[in-house]
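*Asks:* Take a look at this one; I'll ask things after.
Please treat every number below as a calculation from the coordinates, not as lab data. Keep in mind it's a predicted model, so treat the numbers as computed, not measured. As a convention, Cβ positions derive from the backbone with ideal geometry for all residues, glycine included, and neighbour counts pool all protein chains shown.
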Amino acid sequence: MRFFKFIAAVALFISLASCASYDKVPYFQDLNSEANLPTLNATDYTLRLAPADMINIVVSSALSPEIATSFNLPLQSNRIGAPAGQVSAQSTQSTMPYLIDSNGNIDFPVVGKIHVAGSTREEVETIIKNILVEQKLLNDAVVTCQVMNQYINVIGDVKTPGRIQIDKDNLTIVEALAKCGDLNITGERHNVTVIRRVGDQQKVYHVDLTSAQDVFGSPVYYLLPNDIVYVNPNKTKQRTSTPNGNTWQSPLIYISTFSMLMSIATTIVALTK
């Protein structure tokens, strides 16, 4: 009788272990139709330009397209020894980017120096458009500004770790992880680390992706340039670095053991009859 109780206990242990592992996988486990999620002010995390940033500015016009081209820097080849004006076939840019100098200025064609540091992309577009209209250079100017060299780094247990360009304002940690193909099944969802430079220090944050309250209320929900997102591998994957490290973590070993015990139990019962 005790033996069969032992067999039942083993089966229960296997079942509970399986459930415990599954509980660590789904995202936003506290999310339901009545949940009131925290909302951060997105404008507090809108990207602002700084010296050494590279921005691509394109001016266009429906009424005067020829005049508009005079405000765009022609794309030049950066390859040493390449003929002047030759552009790589893989390039998707139509104009050269501007490098913001140490004083926060760019040297804009025809207009001259324009201070852009501390401004958002939309503010830069408005500043340039207003200058062109006020100086009667182009009345129907359409200005677009794109940041070229702001990135975050996603490393650790994700499908495609790497450097991600911030191609939009208010990039979220969920979007960044999606760009990397999501976490591997062995990635720890309850303890994602974000390292952010604040002033002259590096500050560490932890995000629990299994909790919607924690994700949407986190100060690193919106990512900033040069943030490092690290996904720690779970203990099962960590043990793969050692020989036979996961032998007792494999469901097969428990199934085999359970089958062996059942066979022994059947044999004992048959012999005692």
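*Asks:* Between the stretch 93-133 and the stretch 39-62, how far is it from one alpha carbon centroid to the other, in angstrom?
*Replies:* 11 Å
*Asks:* Starting from the Cα of T240, step 7 Å along the direction of its Cβ; do the same at A42; then give the gap between the two resulting points in nm.
*Replies:* Inter-label distance under the simple model: 3.7 nm.
*Asks:* Based only on Cα atoms, what Rg/Rh ratio does the stretch 136-243 have, Rh being taken as Kirkwood's radius?
*Replies:* 1.12
*Asks:* Taking 0.36 nm per intervening residue step and subtracting the Cα-Cα distance, what contour gain separates T95 from T126 on full extension?
*Replies:* Value of the extension gain: 9.2 nm.
*Asks:* Let me ask another. Once you put a point 7 Å from the Cα of Q201 and another 7 Å from the Cα of N103, both along the Cβ direction, what distance in nm separates them?
*Replies:* Using points 7 Å along Cα→Cβ, the separation is 3.5 nm.
*Asks:* Can you work out ³J(HN,Hα) from phi for every residue in the stretch 195-201, in order, using Karplus 6.51 cos²θ - 1.76 cosθ + 1.60 and θ = phi - 60°, giving whole Hz and x for Gly and Pro?
*Replies:* 10, 10, 7, 10, x, 9, 10
*Asks:* Taking 30 Å as R0, compute the FRET efficiency from the Cβ-Cβ separation of S64 and D169 and round it to 0.05. Could you put the intermediate results ahead of the total?
*Replies:* Working: r = 30 Å, r/R0 = 0.98.
Calculated value: 0.50.
*Asks:* How high is the FRET efficiency from I155 to H115, r the C-beta distance, R0 35 Å, rounded to 0.05?
*Replies:* Once the sixth-power term is evaluated, E becomes 0.45.
*Asks:* Something else now. Can you pull the one-decimal nm distance between simple spin-label points at M54 and N32, each 7 Å off the Cα toward Cβ?
*Replies:* Here the answer is 5.1 nm between the modelled labels.
*Asks:* Oh, and also: Please tell me which of these pairs span more than 20 angstrom C-alpha to C-alpha: K24/K235; K113/K168; K24/K159; K179/K235? Write down the numbers at each step before the final one.
*Replies:* Numbers: K24/K235 12 Å; K113/K168 26 Å; K24/K159 18 Å; K179/K235 25 Å.
In this structure, K113/K168; K179/K235 exceed 20 Å between Cα atoms.
*Asks:* What are the extents of the Cα atoms of the stretch 187-233 along their three principal axes, in Å, largest first?
*Replies:* Principal-axis extents of the Cα atoms in the stretch 187-233, largest first: 31, 23, 14 Å.
*Asks:* Got a sec to turn the phi values of the stretch 183-190 into Karplus ³J(HN,Hα) couplings, 6.51 cos²θ - 1.76 cosθ + 1.60 with θ = phi - 60°, whole Hz, x for Gly and Pro?
*Replies:* 6, 5, 4, 8, x, 6, 6, 8
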